Amino acid sequence: MANLLGPSGWLTGADTQSYSRDWLDRYGVTPLGVARPASTAEVAAVVTLCRAAGVPVVPQGGNTGLCGAAVATQPGTVILSLSRMAQIGAVNADSATVTVGAGVVLAELHRKLDGSGLIFPLHLGAEGSARIGGLIGTNAGGSHAFRHGMMADLVLGLEVVLPDGTIWNGLREVQKDNAGYALRRLFCGAEGTLGIVTRAVLRLAPEPRHRATALLALPDFGALVRLGTLLRAEAAEFLTGLEFFCDFGLGLALRHVAGLGFPLTSRAPVYLLVELASGSGLVPLDDIFADVLTKGMEAGLVLDGALAASEAQRAAFWRLREEQPEGQRLEGPQIKHDIAVPPGRIADFIAQGAVLCQTALPGTRINPFGHLGDGNIHYNLSPPEAGFGNAAPALAQGLAQLAQAMGGSFAAEHGLGRSKIALADALRDPAERGLMRAIKAALDPAGLMNPGVVLGHEPADN
Ligand SMILES: Cc1cc2nc3c(=O)[nH]c(=O)nc-3n(C[C@H](O)[C@H](O)[C@H](O)COP(=O)(O)OP(=O)(O)OC[C@H]3O[C@@H](n4cnc5c(N)ncnc54)[C@H](O)[C@@H]3O)c2cc1C
């Protein structure tokens with residue numbers, strides 16, 4: 001491998017340490033080595049070599065995934081890091097597209113687009129480390145997904161190295177492409193089990209030059225759902241942010257994360273960060289806000305609120321929401337659940353989920369926060385004083401079943417990885433499972449591409 005990639009392209013032993021464990025430090029053994037190819041041809045050569053030798057390959061981007069899918073769990077595995085494939089092509093302003101390498105860090109792409117009049121509208125807490133290939137691998141969502149879509153909606157074309165080393169060049173630059181099966185979508189959310197994304201054509205959006213951002217205090221989650229309906233009706237296409245969190249989560253963030261402040265006069269059970277944006281200065285965003293807030297207050301849905309008066313204040317409001325995971329991490333042990341329900345069922349899920357948790361493990365401290373626009377709830381738990389004991393699997397299964405019964409999903413935006421295989425085995429429809437295994441067997445009959453992820457360790461052709 002060193003002959004193929006040169007000394008900086010092949011790491012072994014202690015040099016592999018920073019690639020070996022997942023973000024949450026739950027998975028990962030020392031790999032055979034870390035391959036760091038610098039071109040698509042080198043990726044194909046590594047995959048071909050590994051295939052011939054029967055060596056499993058795990059693609060890795062920024063290694064910020066939350067389901068343990070980007071590290072090796074069997075010795076003798078090669079981790080294939082895309083970090084050297086970080087080229088950003090010229091922005092095509094007329095078509096609003098850009099072609100990027102799979103190793104481009106999301107925040108770097110945002111910076112590169114500064115001043116171009118265009119944005120890449122995907123934002124998440126890990127954007128300083130997450131890379132395009134990993135975002136595609138997990139079909140990442142984030143805080144603007146309800147407005148602009150998830151990663152699969154933002155990818156127009158892909159270049160992929162398939163498990164047999166073939167390079168598929170599907171770098172088309174159009175939204176409309178119904179020439180057969182939607183292959184590009186197949187790789188979005190495949191978690192590196194069907195091939196390695198090497199380049200992507202991304203769809204850009206006009207930069208919103210004018211914004212209005214508010215932090216609102218609400219009496220309960222029922223009010224949150226109703227206010228969401230009101231905001232969608234009144235602010236419609238100008239809505240770009242609809243993020244909620246609860247008072248328990250706010251308390252954790254204020255206690256553990258430096259530099260946060262609470263801008264309202266009194267605490268409340270639930271908070272909603274609302275953002276309106278437009279590319280045109282002619283749209284009276286503040287008036288739309290004032291109108292909808294008056295209606296919300298009259299209906300008893302809003303108790304208090306503050307409108308950001310500066311860019312610094314806007315950033316401070318967003319930090320309160322974005323530091324929810326960090327506040328809970330610093331509090332101590334936790335269990336994360338990445339649930340989606342139809343937005344109209346958020347309050348029902350949170351109420352019924354609380355009963356389920358308190359029955360299974362009295363004293364569990366629940367921190368639901370997330371994305372009101374698409375119903376994605378990060379339903380994270382901190383333990384009672386005595387700890388979680390062995391309650392985690394029953395809690396995960398109960399909450400997953402509750403979400404499914406409401407028409408939702410137990411794996412909204414983080415994927416299945418390794419940590420949710422048992423849940424998927426228990427809950428996935430057999431027909432759906434059969435289809436996924438057939439696809440895996442067709443593309444990766446040797447089962448060497450990120451084995452154990454998405455489908456577990458069952459032989460793909462069984
Ligand atoms: C603080 C924090 C906040 C987060 N917030 C969000 C959020 O709001 N929304 C959200 O959706 N996620 C969120 N995540 C999860 C994570 O950031 C995303 O899943 C992200 O998409 C992972 O990107 P990555 O480059 O780190 O991928 P990795 O962790 O390196 O890999 C993730 C998966 O993609 C595969 N993969 C990596 N590169 C490739 C490639 N080139 N081709 C094919 N497969 C590949 C890997 O094998 C693995 O299965 C958050 C994570 C953290 C730590």
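The values are calculated or read from the model by the stated rules, or taken from the named source; none is laboratory data. What you see is a predicted model, and the numbers here were worked out from it, not measured in a lab. As a convention, Cβ positions derive from the backbone with ideal geometry for all residues, glycine included, and neighbour counts pool all protein chains shown. Accessible surface is based on the protein model in full, side chains and every heavy atom, while ligands, DNA and RNA are left aside. Shrake-Rupley method; radii C 1.70, N 1.55, O 1.52, S 1.80 Å.
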Write down the accessible area per residue of region 210-325 in Å², having rolled a 1.4 Å probe over the full set of protein chains. 41
Mind ranking 187-194, 14-21 by how tightly packed they are, going by the mean number of other C-beta atoms within 10 angstrom, highest first? 187-194, 14-21
Fraction of accessible area attributable to carbon and sulfur, the chain (%, probe 1.4 Å): 54
In Å, what is the Rg of the alpha-carbon atoms in region 364-460, and how long is Dmax? 15.7, 49
In what sequence, highest mean first, do 170-179, 81-90 appear when ranked by Cβ atoms within 10 angstrom? 81-90, 170-179
Evaluated over region 46-149, the Cα radius of gyration and Dmax, each in Å: 15.6, 48
Running Debye on region 343-410 with equal point scatterers at the Cα sites and no solvent, what base-10 log of I(q)/I(0) appears at q = 0.18 Å⁻¹? -0.63
In Å and whole numbers, how far do the C-alpha atoms of the chain stretch along each principal axis, longest first? 69, 56, 43
Using modelled backbone amide H atoms (1.01 Å from N, in-plane), which distant-in-sequence or interchain residues come within less than 5 Å of LEU158's amide H? GLY170, LEU171, ARG172, VAL201
Label GLU432 and PHE388 with points 7 Å out from Cα along Cα→Cβ: what is the distance between them in nm? 2.3
Summing -39500 (n - 2.57) over every DSSP H run of at least 4 residues in the chain and dividing by its residue count gives a helix-only mean residue ellipticity at 222 nm, to the nearest 500 deg cm²/dmol, of -10000 deg cm²/dmol
Which value, in nm² and rounded to one decimal, describes the direction-averaged projected area of the C-alpha convex hull of region 210-325? 6.9
What ranking do 437-443, 368-374 get when scored by the average of other Cβ atoms within 10 Å per residue, highest first? 368-374, 437-443
